[in-house]
């Protein structure tokens, strides 16, 4: 399977709409808040990516681009 085939297979499994949420470590774990991540997910609540908590703007741009892509495709 080529990279192009793999990319097409992954995109075929994704379902709009997409969203993102900030996931913070549980207070009881003693992890620093800087370990928080933006989780990007599809309508099935499958995580498709995550980015650093400092990059929330990028997470929202990714979500917007995915939603616009799937709107244009008519899915």
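The values are calculated or read from the model by the stated rules, or taken from the named source; none is laboratory data. Values in this document were obtained by computation on a predicted structure and should not be read as measured data. Heads up, the Cβs are rebuilt from the backbone with ideal geometry, glycines too, and the neighbour counts pull from every protein chain shown.
A count restricted to segment 42-75 and to residues that are more than 20 Å from residue 9 (Cα to Cα) and assigned to a helix (DSSP H, G or I) stands at 10.
Applying the set (1) within 14 Å of the chain's Cα centre (by Cα); (2) free of Cβ contacts under 8 Å to residues at least 60 places away in the same chain to residue 74 leaves exactly one unmet item: (1).
Comparison of 61, 22, 66, 14 shows that the only residue that is modelled with pLDDT under 90 and within 12 Å of the chain's Cα centre (by Cα) is 14.
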